[in-house]
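Just so you know, all these numbers are worked out from the coordinates, no wet-lab data involved. This structure is a prediction, so every number in the text was calculated from the model and none was measured. Glycine gets a Cβ as well: all are built from the backbone with ideal geometry, and neighbour counts include every protein chain shown.
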Amino acid sequence: MPSAGLRVPVRSRCRGTLGGVERPLVLGIESSCDDTACALVDGAGRVLASVVSSQLAAHAPYGGVVPEIASREHLVNWPAVSREALAGAGVAISDLDAVAATRGPGLVGALLVGLSLGKALAWARRLPFFAVHHLEGHLYSPFLAPAGEPAAPIPERFVGLVVSGGHTALYRVAGAAVETLAETRDDAFGEAFDKFGKRLGLAYPQGPKVDALAELGEAKRAPLPRLAGTEELFFSYSGLKTQALVALERLEARGVATRANAAADPPLPGEVLDLAAGFRDSAVRQVLDRLTRLHRRARFDRLAVSGGAAANRELRRRLPGWAAERGVELALVPLVYSGDNAAMIAFAALRRLRLGLPADDPLAATAVSRLPVG
Ligand code: KG4
Ligand code: ZN
């Protein structure tokens, strides 16, 4: 790690207990979709500040993320978000050692805003610049610690599971190499929750709301069959989503209310809550099933789970048991870094610095909507 041990002063109002910040100090930027995020991570992987500004209100009237609005909102939000991150960490732009920004995958217009800001900052300050893959950010985020503690060491080898709104995938990480083992063939885990929740009349992001409804139901009363068993590793959630939507239609035909009523408690009848629980149970079982298949094929002893949908309560309850049964050491992303954030982008850049991997040319880096990992 370059210049380890040097200290940058931190204002006491940020983290009174830290006492100092290790070099290199990395500023991260994430703007791949509808969150404008800026974070500061130090050489020990401590998150000194992580600010995420949501654009949900701006997109709400349209029922989904509008790319053009996302780009404009990033531009509007960036000054306040970056100021708050720097002030929260108690550091100045002149203290930075490196700058990192997401280059893809995502909405190109949205990515371009954050990437261009990062490139300009790095170029103006003559700092190393890292154009980071969004999934690379998620992949290492389970090793970040909440509340300003140093990050755990990133193991040399591990299997990474990313479950989000855009991705459901398994990766094998070995040193600097990242190999994609499996991806979803259709919907992502979070996307299926969002679509099921939309049918229930819930607003985006529906995943956490469906998860909360499922807590009130009983999965055994509405079991949804898993996909036909194969030994393949790929994920698929569109079949499960369709089964759940068809089950809702059947309930509606029987006169059961299937649109959430915010004024009622619970907001939906018991049959629908049971269906939400059955849907979630089946979605989580698919994840555990793929992990079991992979483990049978080629044993692994470390698993790191990340992504917005890694906040799913049932998944978080069941993963530790799955791992303990097989002697697998589990790193579950802290809830605060499960959704899109810039701390994970800065941390991925820190990893590259630690491995001695080269920085990117700020004049040449471009935003890309589709980008394979590795
Ligand atoms: O990682 P993320 O913030 O953005 C993407 O890169 O996609 O993930 C957001 C996704 C959304 O689909 C959201 O509904 C889902 O994660 N999600 C959940 C839960 N919390 C967020 N899905 C199921 N259960 C949850 N508790
Ligand atoms: Zn993400």
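7 Å from Cα along Cα→Cβ at both W123 and A212: what's the point-to-point distance in nm?
Going from the W123 label point to the A212 one covers 4.4 nm.
With point charges of +1 on the Cβ of Lys and Arg and -1 on the Cβ of Asp and Glu, referenced to the Cα centre of the range 308-374, which listed residue (V368, A311, L350) lies farthest in the positive direction of the dipole?
A311
What nm value, rounded to one decimal, do you get for the distance between A264 and S236 when each label is placed 7 Å out toward the C-beta?
For the pair A264/S236, the computed spacing is 3.4 nm.
Within a 10 angstrom radius of the beta carbon, how do I69, I154 rank from fewest other beta carbons to most? Don't skip to the end; give the middle numbers.
Working: I69 17, I154 20.
Starting with the residue having the fewest Cβ neighbours, the order is I69, I154.
Quick check for me: using +1 on Lys/Arg Cβ and -1 on Asp/Glu Cβ, what's the dipole size of the range 18-157 about its Cα centre, in debye to the nearest 20?
320
Within the chain, count lysine pairs with alpha carbon atoms under 13 angstrom apart where the residues are 8 or more positions apart or belong to different chains.
Working: K195/K209; K195/K241; K198/K209; K198/K241.
Value for the chain: 4.
If I build a Gaussian network model for the chain, linking alpha-carbon pairs within less than 10 angstrom, which residue out of L115, L144, L213 has the largest mean-square fluctuation?
L213
Which longest uninterrupted range of the chain lacks any GluC sites (Glu not before Pro) assigned by DSSP to a loop state (not H, G, I, E or B) and surrounded by at most 11 other Cβ atoms within 10 Å?
1-155
Quick check for me: using +1 on Lys/Arg Cβ and -1 on Asp/Glu Cβ, what's the dipole size of the range 210-263 about its Cα centre, in debye to the nearest 20?
Rounded to the nearest 20 debye, it is 260 debye.
Pick out which of L107, L27, L355 has the largest mean-square fluctuation in a Gaussian network model of the chain, springs linking Cα atoms closer than 10 Å.
Checking each option, the largest mean-square fluctuation is seen for L355.
At what distance in nm do the modelled label points of L371 and L288 sit from each other, each positioned 7 Å from its Cα along Cα→Cβ?
Roughly 3.5 nm, to one decimal.
Which helices, counted as full DSSP H runs in the chain, have an axial Cα extent of no less than 18 Å and a Kyte-Doolittle average of 0.5 or above?
Going by DSSP H runs, the hits are 108-125.
Using θ = phi - 60° and the Karplus form 6.51 cos²θ - 1.76 cosθ + 1.60, what ³J(HN,Hα) does each residue of the range 254-267 get, whole Hz, x for Gly and Pro?
Listing the rounded values in order: 8, x, 7, 5, 10, 10, 4, 10, 4, 7, 8, 9, x, x Hz.
Read phi for every residue in the range 160-170 and hand back ³J(HN,Hα) as whole Hz from Karplus 6.51 cos²θ - 1.76 cosθ + 1.60, θ = phi - 60°, with x for Gly and Pro.
Calculated HN-Hα couplings, in order: x, 10, 10, 10, 9, x, x, 9, 9, 8, 10 Hz.
What residues have an amide H closer than 5 Å to that of G201, excluding those fewer than 5 places away on the same chain, when H is modeled at 1.01 Å from N in the peptide plane?
HN-HN under 5 Å from G201: A260.
Per residue of the chain, what 222 nm ellipticity follows from adding -39500 (n - 2.57) for every DSSP H run with n ≥ 4, rounded to the nearest 500?
That comes out to -12500 deg cm²/dmol.
Pull out the extension gain between R354 and E68, defined as 0.36 nm times the separation in residues minus the alpha carbon to alpha carbon distance; nm, one decimal.
Details: separation 286, 0.36 × 286 = 102.96 nm, distance 3.66 nm.
Fully extending the segment from R354 to E68 adds 99.3 nm.
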